[in-house]
Amino acid sequence: MATSANNKKNAPIIVHKDDLYEHWLKNAPKIMFGEHQLSIEINVLGDYYIQKAKEELRETPEVVAENLKELKKLLAGEPDLIIPDIDDFYITFLRPCKWYARSAFSLIKRYYRFRQNYPNIYKDLLLTKEKTAICAGLIYPLPLRTEDGCRVLIVEGGKRWKPKEVPLNDFFKGVIFILFLAMVEYRTQIAGAHIILDVEGLSLSHLTYITPTFAKMLVDFIQKCLPTRLKGIHIVNQSFIFNMAFAIFKPFLEEKIRKRIHFHGTNWESLMTFVDKRALLKRHGGEIKMPEGQYGVMLWQNMLSCEPAFEAEQYYGYVTNKDIV
């Protein structure tokens, strides 16, 4: 995920999901949460999701054809933006925008401008180079979806986060990796995702690492640039110290995203009004067991099958060197 396209003469690399999925099936180590295996469902759909897309996203053959055509036409007016010319790419942005081409066009521009504005984050952003946060087990998906098909993602933002070992920007890079996988999963594109932020043990020393500049970057990414149907952000195990941290983020939050942030503390019944018990970790009142051993390292090894997609991302973005033709 580069800050900008490196060279207009470089043809963008096209990575096909079927190839990634086949490689993952053959080579990725299995991650078991008790009896449940974590799967990266990048090209899996099914009748339930097809119907859900039709009802919630207006996804019919006629709407799809019309808005794919319109989006391509709009993007043709952005000659400095290098993107892969494949339907999978366009669909990634059209689904969270309910198949409105102009909304998807605006989202694509914001997404790539954000990358351009934060070169310190996106330059050489590859799994092989930026594995700290994932290997530390700070961000990971759960193996089961909610009853309505949402992906559930866990972010460990409390005592499990050691800022000296995992600097804040590295933490954010790990979040980007996991959200990238979520945004390219067909089922997640349609049903969306819930994020559970566990801040048990968040301390005053943690707060010293959180700046308004970082808060603005993170909030801008989530509420303006993320091509994912974010159904809810759920804060659990929070203390009064978290309220101090949240105060840093609050000025940047728009009303739409504020309504999707829910504070549960240790009230698991409250959490279960959004995520059913079978899809939650045991320590969050659910039924899922954590993997044994270094599950963060295993997840990173598992995700390496998707490295070609991240390598391809290095070629996409806005061209900034006007001398290159």
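Within segment 17-33, take every residue that is surrounded by 14 or more Cβ atoms within 10 Å (Cβ to Cβ) and part of a loop (DSSP other than H, G, I, E, B) and give me the one that is modelled with the lowest pLDDT. The qualifying residue modelled with the lowest pLDDT is Ala28. Of the residues making up segment 69-105, just one is hydroxyl-bearing (Ser, Thr, Tyr) and outside any helix (DSSP H, G or I), namely Tyr100. For residues that are hydrophobic (A, V, I, L, M, F, W, C) and under 14 Å from Gln301 (Cβ atoms), scanning just segment 123-135, find the one that is surrounded by the most Cβ atoms within 10 Å (Cβ to Cβ). It comes out as Ile134.
Among the conditions (1) within 30 Å of Phe274 (Cβ to Cβ); (2) open to solvent by 10 Å² or more (accessible area, probe 1.4 Å); (3) not charged (D, E, K, R), the only one that Asn120 does not satisfy is (1).
Among the residues of segment 82-96, those that are over 16 Å from the mean Cα position of the chain (by Cα) and either without any contact (Cβ under 8 Å) to a residue 12 or more places away in the chain or open to solvent by 20 Å² or more (accessible area, probe 1.4 Å) (or both) comprise Ile82, Ile83, Asp85, Ile86, Asp87, Asp88. Within segment 284-324, the set of residues being over 30 Å from Glu269 (Cβ atoms) and either among the basic types (Lys, Arg) or part of a loop (DSSP other than H, G, I, E, B) (or both) comprises Gly293, Gln294, Gln314, Tyr315, Tyr316, Thr320, Asn321, Lys322, Asp323, Ile324.
For segment 34-53, taking the residues that are closer than 13 Å to Ala191 by Cβ and at pLDDT 95 or above, the one that is surrounded by the most Cβ atoms within 10 Å (Cβ to Cβ) is identified as Ala53. Restricting attention to segment 239-281, the residues being under 23 Å from Leu142 (Cα atoms) and either open to solvent by less than 60 Å² (accessible area, probe 1.4 Å) or among the polar types (S, T, N, Q) (or both) number 17. Here Val297 passes the criteria (1) crowded, with 17+ Cβ neighbours inside 10 Å; (2) touching a residue at least 24 places away in the same chain (Cβ under 8 Å) except the one numbered (1). Can you find a residue in segment 159-168 that is modelled with pLDDT of 95 or more and part of a helix (DSSP H, G or I)? Yes. What about Tyr90, is it among the aromatic types (Phe, Trp, Tyr), modelled with pLDDT of 95 or more and farther than 16 Å from Phe310 by Cα? Yes: the conditions hold for Tyr90.
The residue list Ala76, Ala101, Ala65 contains one member that is open to solvent by less than 30 Å² (accessible area, probe 1.4 Å) and either at pLDDT below 95 or over 21 Å from the mean Cα position of the chain (by Cα) (or both), which is Ala101. Considering segment 158-215, and only residues there that are within 18 Å of Asn120 (Cα to Cα) and open to solvent by less than 10 Å² (accessible area, probe 1.4 Å), the residue that is farthest from the chain's Cα centre (by Cα) turns out to be Val166. Please verify whether Ile108 is over 22 Å from Lys30 (Cα atoms), assigned to a helix (DSSP H, G or I) and among the β-branched types (Val, Ile, Thr), treating the condition exactly as stated. Considered against the rule, which asks whether it is over 22 Å from Lys30 (Cα atoms), assigned to a helix (DSSP H, G or I) and among the β-branched types (Val, Ile, Thr), Ile108 comes out as yes. Restrict the check to segment 172-188 and report whether at least one residue is closer than 18 Å to Leu38 by Cα, touching a strand residue (DSSP E or B) at 6+ places or on another chain (Cβ under 8 Å) and not in a helix (DSSP H, G or I). Yes, that holds for at least one residue.
Selection of segment 199-247 for residues being in a helix (DSSP H, G or I) and β-branched (Val, Ile, Thr) yields Thr213, Val219, Ile222, Ile241. I'd like to check something: does segment 258-270 contain any residue that is assigned to a loop (DSSP other than H, G, I, E, B), more than 24 Å from Gln189 (Cβ to Cβ), in contact with a Phe, Trp or Tyr (Cβ under 7 Å, 6 or more places away or on another chain) and modelled with pLDDT of 95 or more? No.
The values are calculated or read from the model by the stated rules, or taken from the named source; none is laboratory data. Fair warning: this is a prediction, and the values are worked out from it, not measured in the lab. As a convention, Cβ positions derive from the backbone with ideal geometry for all residues, glycine included, and neighbour counts pool all protein chains shown. Side chains are part of the model used for accessible areas, which takes the heavy atoms of the whole protein and leaves out ligands, DNA and RNA. Shrake-Rupley method; radii C 1.70, N 1.55, O 1.52, S 1.80 Å.
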